[in-house]
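Notes follow once the structure below has been shown.
Each value in this text was obtained by applying a stated rule to the coordinates, not by laboratory testing. Just so you know, these numbers come straight off a predicted model, no measurement behind them. All Cβ positions, even for glycine, are placed from backbone atoms using ideal geometry, and neighbour counts span all protein chains on display.
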Amino acid sequence: DQPYFNFQCMHCTDAACAMGCPSGALAIDESGFVGFDQSRCIGCGYCTEFCPFGIPQLGQVNVLTGKGKAAKCTFCQDKVRGGTGGPSCAEACPTGALKWGERGALLAEAKTRVGELKTGGLSSAMLYGEHEAGGLHRMSILLDEPSAYGLPSDPGGSFTLARLYRKLIQPAGLALFGIAVAGAAGAFALARRNIHMEEIE
């Protein structure tokens, strides 16, 4: 059986979803988390394809048209940005399994906890998120290999693919679209000219 894991946005430093988002709905906040402005989402679904954790999901927002928009954990960005608290899940967690704060302090605490677990006989205990995808801002202590939890061992490949899309494929597509529009306009102008010449003759 797969051990339980609370799947939420991992808030990657190298966030493939933000790199692949053409509308700017997803962006890395200066505090480190991946913010989300759903009003800017165009429902393209690139974030769902690029995220190595499968977190953003497209939900239907218009029954008539079938148009959808992405949804994901926002790190309770309004509270964090407004200085009124942290993520509600961490604040409400009754056991302290979820914590929030400065990444450096949490990283040190997590390493100490992993050491305690190893000393207690759980030799497979490990910290997930210190380096993955440039460093996650939602780190986890695992008691087995990442694959046992359905997590990728190396999620960085998705960022590379998203960067390729953003830097090469998307601009090339826009350029080809521009060429196609210019070609269609040229063909239309030529056809109009020919019609005009026939009328003169």
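Computed quantities for the displayed model
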quantity	calculated
Fraction of the pair-distance distribution of segment 17-81 above 19 Å, Cα-Cα pairs, percent	28
Percent RCO, i.e. relative contact order, over segment 1-90, from Cα pairs under 8 Å lying at least 6 residues apart	24
Loop sites in segment 108-160: GluC sites (Glu not before Pro), DSSP, at most 13 other Cβ within 10 Å	Glu130
Rounded if a/c under 1.5, otherwise prolate or oblate - segment 1-47, Cα gyration tensor axes	prolate
Net dipole in debye of segment 24-108 [+1 Lys, Arg Cβ; -1 Asp, Glu Cβ; about Cα centre; nearest 20]	180
Convex hull of segment 54-146 built on C-alpha atoms - directionally averaged projected area, nm²	8.6
